[in-house]
Amino acid sequence: MHPSGLQVSTPTDTTIVLTRTFNAPRRLVWEAMFTPDRMRRWMLPPPGWTTTVCECEARVGGALRVAWKSEEADPAMTLQGVFTEVVLHERAVHTERMALGSGQTIGSLLETHEFTEKDGVTTMRITQAYDSKEARDGAIASGMDQGMEACYERLDTLLARPA
């Protein structure tokens, strides 16, 4: 079975569900999603940006922190969150807040990752719960799905060559 591209649905006015398969065992996909040195290899910043911080502790109370900067954009952009639930290799829930370096919040949500494996193929389902329909619609309008799929295509390549 070949990995399928990112599938996007909006089951409610405030949620986005993103589903993606990877031709790799669930443990390897989990490690790629939540291990900082692996995250840096596939989590590509937008063109012209560089990743300056990548921290992730996938445990209850653990922090998620990623920051990017560019020559043109000042201040930098940050993503910060805290893990509220973790079932190793199966499920992780974390808060997520996107902000500009000035501290101005540009998005806030609760993100749930669920991983299932069948015959060596892992399906990852991400549910993003936003505070409002406007926030959810803004995320969709941003083209974030295209950026995510570009990153996941890179992850496919990395998973095909286990380290």
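For the reader, a short list of remarks on this structure follows.
- For the range 56-74, the criterion of a residue being surrounded by fewer than 17 Cβ atoms within 10 Å (Cβ to Cβ) and under 20 Å from A150 (Cα atoms) is satisfied by at least one position.
- Test result for G81, surrounded by 14 or more Cβ atoms within 10 Å (Cβ to Cβ) and in contact with a Ser or Thr (Cβ under 9 Å, 6 or more places away or on another chain): yes
- Selection status of T112, among the β-branched types (V, I, T) and modelled with pLDDT of 95 or more: yes
- The condition of being without any contact (Cβ under 8 Å) to a residue 60 or more places away in the chain and touching a strand residue (DSSP E or B) at 6+ places or on another chain (Cβ under 8 Å) holds for only one of E96, E117, E134, that being E96.
- All told, A32 falls short of being out of contact with any Lys or Arg (no Cβ under 7 Å at 6 or more places or on another chain) and either buried (at least 18 other Cβ atoms within 10 Å of the Cβ) or more than 22 Å from S108 (Cβ to Cβ) (or both).
- Residues of the range 34-56 that are closer than 17 Å to H113 by Cα, part of a loop (DSSP other than H, G, I, E, B) and not aliphatic (A, V, I, L, M): T35 alone.
- Every test in (1) in contact (Cβ under 8 Å) with a residue 40 or more places away in the chain; (2) surrounded by fewer than 17 Cβ atoms within 10 Å (Cβ to Cβ) is passed by L155 save one, and that test is (2).
- Per-region count, the range 75-109, residues in contact with a Phe, Trp or Tyr (Cβ under 7 Å, 6 or more places away or on another chain) and modelled with pLDDT under 95: 3
- Residue, nearest to the chain's Cα centre (by Cα), within the range 93-128, restricted to residues that are under 23 Å from W68 (Cα atoms) and among the hydrophobic types (A, V, I, L, M, F, W, C): I126
- For the range 137-152, taking the residues that are hydrophobic (A, V, I, L, M, F, W, C) and touching a residue at least 12 places away in the same chain (Cβ under 8 Å), the one that is surrounded by the most Cβ atoms within 10 Å (Cβ to Cβ) is identified as A139.
- Failed item, numbered, when S70 is tested on (1) closer than 19 Å to T12 by Cβ; (2) touching a Gly at 6+ places or on another chain (Cβ under 8 Å); (3) among the hydroxyl-bearing types (S, T, Y): (1)
- Qualifying residue in the range 18-35 (condition: of a type in the set (F, W, Y) and within 22 Å of Y130 (Cα to Cα)): yes
- Extreme residue, nearest to G61 (Cα to Cα), among residues of the range 99-125 that are buried (at least 18 other Cβ atoms within 10 Å of the Cβ) and hydrophobic (A, V, I, L, M, F, W, C): L109
The values are calculated or read from the model by the stated rules, or taken from the named source; none is laboratory data. Keep in mind the model is a prediction, meaning the values are calculated, not measured. Here Cβ is always computed from backbone atoms with ideal geometry, including for glycine, and neighbour counts include all displayed protein chains.
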